[in-house]
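Working notes for the structure below.
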Amino acid sequence: MLTATVLSWLLFFVTAHAYETWHLVDLSQVICPKPTSSMTDAPEFPEYNLGINYTNELQVDAPHIVGFIRASKQAVSITFKIEDFYGEQVVPETTVELKALSDAVPSNCKCTNPTIPVEVSSTFGANYGAQCGAWDEPKCGELWGNITVGAWCCRHWCYASSECPDAYQSQAIPGQYFSYAACNTYAAVNPCQWTQVAEEQDPCTCKDKSGIFNAAMKAKFSDSYGSTCGAWDMANCATNYRPDQVDTWCCANWCYVDKECPSAVASLNPGMEGVLYWSDNVCVDDPALMLQCPYQPQPNVSASDTSCDCLDATMPSELITSLGLDLTTYADYGRQCGPHDADVCDKTYPGADHAMWCCTSWCWVSATCPTARASTVWQGYYWSQEKCELNAEAVSGCKWESLCECRGQLPAGTFDGNGNFAADYGSSCSAWDSVNCKVVWGSDADSSWNTSSDHEWCCDSWCYVNEACPIAKKSWLGIGFYFSYETCDDPATTYNEQTDSCDPLRRLSARRRFGGGGGWSFGGSRRRSPWAASTSARHRSWSAPSTVSQRRRAPPPPAVRRRAPPPPVPSPTEGRRRSSSLSGQTFSTTPRRRATSSVEASLRRRRTIPETPYGYANRPHMMNNYGGTMPYQTPYGYTGYNAIPQQSSPNVAMYGAAGFVGGLGAAYMYNNMYSDSWGMHRRRRYGDFHNQNFCIVTDPGSRNGAFMACEQCYHLYGFSSCPSADSCRTATGCRYTTPQSYSRDELAATGFIPQAYTPPLKVIFTSITGQGIDTASICPPLTPADVALAEQFNRTMSFKPELFLVLSRQDVVEAVEQTGAGAATGFAPSAALLLMLVLPHLHK
């Protein structure tokens, strides 16, 4: 049985290693030539540095080594170094030749069929490891503890020859090696019971926490609230939060998780602080819902605030035509207030949920406008409805949602007790008040008869409409229904005050059923309907698609939680700690070099970190990092062919050490500014280089999983297939679904302890070369010929992730006395008998 101390330590270990961030390497910035330009506004071309910040999943007081996740199976040479914020050396300049990958197994890698000692067979079973078998599958939880199990429990292995590429020395039978590669022709047990157990033990799996809800939460939320990934606040966000707090985060998917989940955020529900934790990083948002989230902040915008005034900005003609709009009609798209999308919403926002928002008025505004929304059709620009009045004609005749059509006869008994109105009063378009208008309404205070001299509305047609109609007004009769004059065309009459009647002399109103073709007037309303209380925001409807703004997301996770150190490793009476790693090699972190005596350095926090021996001391730890199998050993460390299967969900960050401007996509963004040959190429037309937004293509096909300029992604695949990658640009990263399998390499001699250095770390790449590096498909076009070729084949501003850098946590092992070459290189000689880490039966 595992002791409570050991279980506690293993839980810490599993939580620490199970979550890591893949840092996306922008190959184009390393391998492509730097563009030059004669443009006066071209800024200095930046040095590319990949940034690594410290987040909750990083156990900063444990040793880590550098690893690479790569799509290519061909050999790759990488030269890089790592510095901290102050320029201190973390990893010296290193060149690694990542080997070509294959799952081929040499012919001399075979099971050795050794004699199994009685003490082994009595614990694990007869013939344990003598030939290929899924030996750990029946009792994996009993042997290893449920918190360390996974798919590896169901794989076949045997004791094999040392020539196997993944041969590791056995601790159960000295002198023997075990190998999974020797049994690669055997399929793993499927289904594997231990993968489900591993998921249940995952602290970031959504949890049903209704059992600990307090009375206030039970009264407010359903029992299923937060139990699975969902937009749980979509229905009640406006009720539970102030108007200035609501925004697109109300539409984000999230669920309750355990406190140990690295992305866990403490609940703010009164009385549940420190008890409930939630995370939106473990859930994938509905991209269409996020883009059209009906919740928008409603800050108070004073009349003197000019930030929401229309900019009078003219959209580039090539962008207008790329949307499929007629340039003659739509040259002023968004320039001033108007229902610019009323006729063409299906063109400007293909794939969106078209509704009444298509017919509302808006214009381009400053990004500082409190109600500004980032545009999805003109990158880097913002729109707002703040200073725009609704165009009654566009709204009343909106072809996308018929909220303002006559609703028909009101329920029976509505006008009982009021002899002035028939049962069908207001049921359809008609001048219902053209007879005895003054007699009926002259003494009604709500009609404002005596405060206005304009009573032309007596002769106008109107009807009762849906309450959700944006231009509807509340009935004066107090019956709870709403009316609209703009819905109806008027008869050719005019009101006669002396006779209290309508004379047939009136000119037909300019009002026409909707069909303006985009030529909207920017003036005020032409209609003069009677005063009444306007409709308020009584219903929550879809919004125009808007890029999700980082400043308006859910509250960010707390600062890095410094993890408490794990419980002490069991004493020799409970088990023996390894003196070296599984590979038989032990490495040591380099003691942190003390800061220099400069003024800047004197301000740094000094840390004394002694030399620390490290390595993989635990088979589940290594196998869980390599997709459930043992990696092959290489001169530089370890390599795992297809270690990460397709459709995995790692956490990915494309964060530059200098912010996003040094991160993914910067080569293309700066090429826009520098290259004189760029011309009118599509990559430039779909986005402003000053503020490029990227989306992840989820549509099946050759571009699945690519990061693409959002405008182009929406244009090609629609909103539902283009979730925003904005959160990937932060230090914490985003959830990403791998479109293909990836292989993993780890550099065993690059160990360091993060807490010894000041974040963010800066990874500087000198070169990346190899047969798998295709500059033609990676680099932006620089010459006129390249641009013409890209235009001909409709290349888009997209980046297919090919290479990631990852920090892999290692175990601290006991120091082994080294002499000779081993001491000089940091490699320890293989031990004849490697001691076990936790319990005598925990290693083969």
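The values are calculated or read from the model by the stated rules, or taken from the named source; none is laboratory data. Please read all numbers here as calculations on a predicted model, not as lab measurements. Reconstructed Cβ throughout: ideal geometry from the backbone, glycine too, with neighbour counts over all protein chains shown. When the accessible area is computed, the model is the full protein with side chains, heavy atoms only, and any ligands, DNA or RNA have been set aside. Shrake-Rupley method; radii C 1.70, N 1.55, O 1.52, S 1.80 Å.
Computed quantities for the displayed model
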| item | result |
| --- | --- |
| Subset of the range 301-312 (residues that are polar (S, T, N, Q) and either touching a residue at least 24 places away in the same chain (Cβ under 8 Å) or buried (at least 20 other Cβ atoms within 10 Å of the Cβ) (or both)) | Ser307 |
| Candidates Pro174, Pro138 - the one that is in a loop (DSSP other than H, G, I, E, B) and modelled with pLDDT of 90 or more | Pro138 |
| Residues satisfying the stated conditions in the range 465-487, i.e. charged (D, E, K, R) and open to solvent by 50 Å² or more (accessible area, probe 1.4 Å) | Glu467, Lys474 |
| Any hit, the range 386-407, residues being loosely packed, with under 14 Cβ neighbours inside 10 Å and among the hydrophobic types (A, V, I, L, M, F, W, C) | no |
| Among the residues listed as Trp441, Trp462, the single one being crowded, with 17+ Cβ neighbours inside 10 Å, more than 17 Å from Cys488 (Cα to Cα) and of a type outside the set (S, T, N, Q) | Trp441 |
| Near pairs, Cβ below 7 angstrom, 6+ apart or cross-chain, from the range 488-516 (of a type in the set (A, V, I, L, M, F, W, C) and loosely packed, with under 12 Cβ neighbours inside 10 Å) to any residue that is in a loop (DSSP other than H, G, I, E, B) and modelled with pLDDT of 80 or more | Leu508/Ala492 |
| Selected residue (only one of Trp400, Trp457 is within 56 Å of the chain's Cα centre (by Cα), assigned to a helix (DSSP H, G or I), modelled with pLDDT of 85 or more and closer than 23 Å to Thr487 by Cβ) | Trp457 |
| Qualifying residue in the range 68-77 (condition: farther than 20 Å from Thr750 by Cα, among the charged types (D, E, K, R), touching a residue at least 40 places away in the same chain (Cβ under 8 Å) and open to solvent by 10 Å² or more (accessible area, probe 1.4 Å)) | yes |
| Number of the condition not met by Tyr186 [criteria: (1) part of a loop (DSSP other than H, G, I, E, B); (2) open to solvent by less than 60 Å² (accessible area, probe 1.4 Å)] | (2) |
| Pairs, first closer than 16 Å to Thr376 by Cα and polar (S, T, N, Q) in the range 313-337, second open to solvent by 30 Å² or more (accessible area, probe 1.4 Å) and not in a loop (DSSP other than H, G, I, E, B), C-beta under 9 Å, six or more apart | Thr321/Leu327; Ser322/Arg682; Ser322/Arg685; Ser322/His715 |
| Enumeration of residues in the range 207-244 that are in a loop (DSSP other than H, G, I, E, B), open to solvent by 70 Å² or more (accessible area, probe 1.4 Å) and either out of contact with any helix residue (DSSP H, G or I) (no Cβ under 9 Å at 6 or more places or on another chain) or within 27 Å of Leu291 (Cα to Cα) (or both) | Asp208, Thr228, Ala235, Tyr241, Arg242, Pro243, Asp244 |
| Unique match (being open to solvent by 20 Å² or more (accessible area, probe 1.4 Å), touching a helix residue (DSSP H, G or I) at 6+ places or on another chain (Cβ under 7 Å) and in a loop (DSSP other than H, G, I, E, B)) among Pro165, Pro106 | Pro165 |
| Residue within the range 142-150 that is modelled with pLDDT under 90, open to solvent by 50 Å² or more (accessible area, probe 1.4 Å), farther than 30 Å from Ile31 by Cβ and within 43 Å of the chain's Cα centre (by Cα) present | yes |
| Whichever residue in the range 266-299 is open to solvent by 20 Å² or more (accessible area, probe 1.4 Å) and closer than 19 Å to Asp202 by Cβ and, among such residues, is farthest from the chain's Cα centre (by Cα) | Tyr277 |
| Residue list for the range 408-435, restricted to those being charged (D, E, K, R) and either surrounded by fewer than 17 Cβ atoms within 10 Å (Cβ to Cβ) or without any contact (Cβ under 8 Å) to a residue 24 or more places away in the chain (or both) | Asp416, Asp424 |
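Rundown of residues vs (1) out of contact with any Pro (no Cβ under 9 Å at 6 or more places or on another chain); (2) β-branched (Val, Ile, Thr); (3) under 30 Å from Trp362 (Cβ atoms), yes/no style:
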| residue | (1), (2), (3) |
| --- | --- |
| Trp378 | no, no, yes |
| Ser384 | no, no, yes |
| Asn391 | no, no, yes |
| Gly397 | yes, no, yes |
| Ala412 | yes, no, no |
| Phe415 | yes, no, no |
| Asp424 | yes, no, no |
| Cys429 | yes, no, yes |
| Asp460 | no, no, yes |
